Amino acid sequence: MTSVSDANLALSKILDAGSKKNLIELGWIKNVRVIVPRSIITLALPSFANSQRERIVQETKQILLSFEDIDDVQIELENNISQSDTKDESNLPDLQKIKGIKHIVAISSGKGGVGKSTVAVNIACSLAQLGLKTGLLDADIYGPNTPSMLGVTEENPRVTEGTGNDQRLIPINKYGIYLVSMGFLIEEGQPVIWRGPMLNSIIRQFLYQVEWTNLDFLVIDLPPGTGDVQISLAQSVPISGALVVTTPQQVSLQDSRRGLAMFKQLGVPLLGVIENMSFFIPPDMPLKKYEIFGNGGGETLAKENKLPLLAQIPIEISLVNDSNKGIPITISEPNKESSIRFKELAQLIKKQFID
């Protein structure tokens with residue numbers, strides 16, 4: 001006859017996709033009961049692991065039903081989402097500082113494809129090179145690219161001791177920055193199909209259930225647009241300042257204007273505008289500059305909103321190639337023009353908040 005020990009031993013084969021620890025050890029599967037021909041378990045996933053729920057349920061049923069004397073599996077879900085996580089945006093709690101973080105800088109864009117994540121990664125690396133303890137939160141839930149850009153897609157973030165929501169994620173450390181990303185918590189190719197309350201929950205987990213330790217800056221790579229994630233962040237934590245990334249194309253201004261308007265409405269301080277892909281520098285003609293996407297977009301956006309145009313970042317082949325290899329250009333080729341622009345941005349941010 002199948003015993004509880006037999007069931008626990010079998011279920012210990014189910015692993016967390018991130019830390020690779022088994023779910024019995026993590027306390028995510030608990031209260032295993034065997035009343036032949038039925039087995040009952042409690043599934044107590046922390047919110048940051050909700051994306052794995054369907055897989056875990058399927059594996060649990062498959063393992064328990066493989067015992068000859070068990071033909072029914074019941075799974076009880078332990079509710080670990082706090083009441084504040086399920087409130088709508090208008091009822092979110094007051095701004096709450098994150099222990100261990102001095103300043104939060106959000107990197108935003110009105111639309112995708114403007115290089116926002118590249119900007120966020122290289123600004124974070126540049127801040128770290130200035131001797132500032134820097135974290136990077138990849139809050140682009142639907143397109144988490146920073147693990148690839150930093151060459152850590154095969155890394156597995158560890159989880160602290162404890163069970164359920166008492167546990168903390170330990171950030172991955174690479175190039176002197178501390179990274180947390182949705183990319184570590186979902187399996188490759190798995191879509192993220194979440195809405196309001198669930199998004200609010202995972203964002204709060206990334207903010208308050210991560211072992212951020214004495215950071216001078218937490219750089220947040222926001223998803224493009226003006227959706228739930230941006231609103232949740234702005235209404236949860238005191239953002240020190242936001243940087244808006246756009247391109248020279250006039251057509252990109254409509255989306256960027258909406259993003260700026262959202263931050264103003266939410267009372268988030270705006271630091272300025274960054275124009276990415278401003279011009280192309282051929283590798284064999286470093287003195288040439290080709291405005292392949294036109295010009296004036298960043299300057300127009302900045303003037304309209306009475307903000308400084310903080311940087312115009314060029315397109316360089318090495319920026320693209322090195323990023324594909326998981327090495328930010330500020331690390332691989334610090335003397336390239338784009339690297340110099342990112343370092344100047346980091347100096348401006350440091351001067352604004354530290355100096």
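Set side by side, the residues V105, V121, V159 differ, and just one is under 18 Å from M182 (Cα atoms), of a type in the set (V, I, T) and either touching an Asp or Glu at 6+ places or on another chain (Cβ under 6 Å) or at pLDDT 90 or above (or both), which is V121.
For S332, the requirement of being under 30 Å from A261 (Cβ atoms) and modelled with pLDDT of 90 or more is not met.
Taking the range 100-174 as the region of interest, the strands (runs of 3 or more DSSP E) fully inside it that hold 2 or more residues being hydroxyl-bearing (S, T, Y) are 101-109. Being crowded, with 17+ Cβ neighbours inside 10 Å, closer than 19 Å to I220 by Cα and charged (D, E, K, R) holds for only one residue in K336, K343, and it is K343. Against the conditions (1) part of a loop (DSSP other than H, G, I, E, B); (2) closer than 24 Å to I354 by Cα, D216 satisfies every one except (1). When K289, K336, K325 are checked against the criterion of being touching a Phe, Trp or Tyr at 6+ places or on another chain (Cβ under 7 Å), touching a residue at least 12 places away in the same chain (Cβ under 8 Å), basic (K, R) and in the same structural domain as Q230 (by TED's automatic domain parsing), K289 stands alone in meeting it. Here the range 124-156 is the region considered, the condition is being among the hydroxyl-bearing types (S, T, Y) and farther than 17 Å from I203 by Cβ, and the residue that is modelled with the lowest pLDDT is T153. K325 meets each of the listed conditions (1) within 30 Å of G100 (Cβ to Cβ); (2) touching a Ser or Thr at 6+ places or on another chain (Cβ under 9 Å) apart from (1). Scanning the range 225-252 for residues that are surrounded by fewer than 20 Cβ atoms within 10 Å (Cβ to Cβ) and either without any contact (Cβ under 8 Å) to a residue 60 or more places away in the chain or closer than 23 Å to F353 by Cβ (or both) yields G227, Q235, P238, S240, G241, Q249, Q250, V251.
The values are calculated or read from the model by the stated rules, or taken from the named source; none is laboratory data. Keep in mind it's a predicted model, so treat the numbers as computed, not measured. Positions of Cβ are generated from backbone atoms using ideal geometry, with glycine treated the same way; all protein chains shown enter the neighbour counts.
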